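For reference, the structure discussed in these notes is given below.
The values are calculated or read from the model by the stated rules, or taken from the named source; none is laboratory data. Quick caveat, the model's predicted, so the values are computed rather than measured. Here the Cβ is made from the backbone with ideal geometry for all residues, glycine too, and neighbour counts use every protein chain on show. Note: areas computed on protein heavy atoms with side chains; ligands, DNA, RNA excluded. Shrake-Rupley method; radii C 1.70, N 1.55, O 1.52, S 1.80 Å.
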Amino acid sequence: MCQYLLSDGPDALQGVHSVRDDVPPERVVVAYYGQHQHFELTGETAEVDGSVLPVLRWTYSTAIAE
């Protein structure tokens, strides 16, 4: 599990999230209220509770196809 700091996007998604992946992804997609929220690595880091985490910034959202 890798932890990231999600920035921007929906308020409920901002903060620290875990992603099931050993290799840091360039982009993370989170399903949220019928939409996919897309976050991309910024190259920045932030300290949260003593841990230094990569920052993923919200870029756009798309509808989930049914």
>> Over segment 5-66, with the other protein chains present, what is the accessible area per residue in square angstrom, probe 1.4 angstrom?
In response: 68 Å²
> Using the beta-carbon distance between V48 and R20 and R0 = 30 Å, what value does 1/(1 + (r/R0)^6) give for FRET efficiency, to the nearest 0.05?
Replying inline: 0.95
> According to the Kirkwood expression over distinct Cα-Cα pairs, how big is the hydrodynamic radius of the chain, in Å?
Replying inline: 12.2 Å
>> Let's test the formula: R0 of 25 Å, r as the Cβ-Cβ distance of A63 and M1. What FRET efficiency results, to the nearest 0.05?
In response: 0.30
>> With a 1.4 Å probe and all protein chains left in place, how much of the accessible area of segment 4-66 comes from carbon and sulfur atoms, in whole percent?
In response: 47 percent
> Using modelled backbone amide H atoms (1.01 Å from N, in-plane), which distant-in-sequence or interchain residues come within less than 5 Å of G9's amide H?
Replying inline: W58
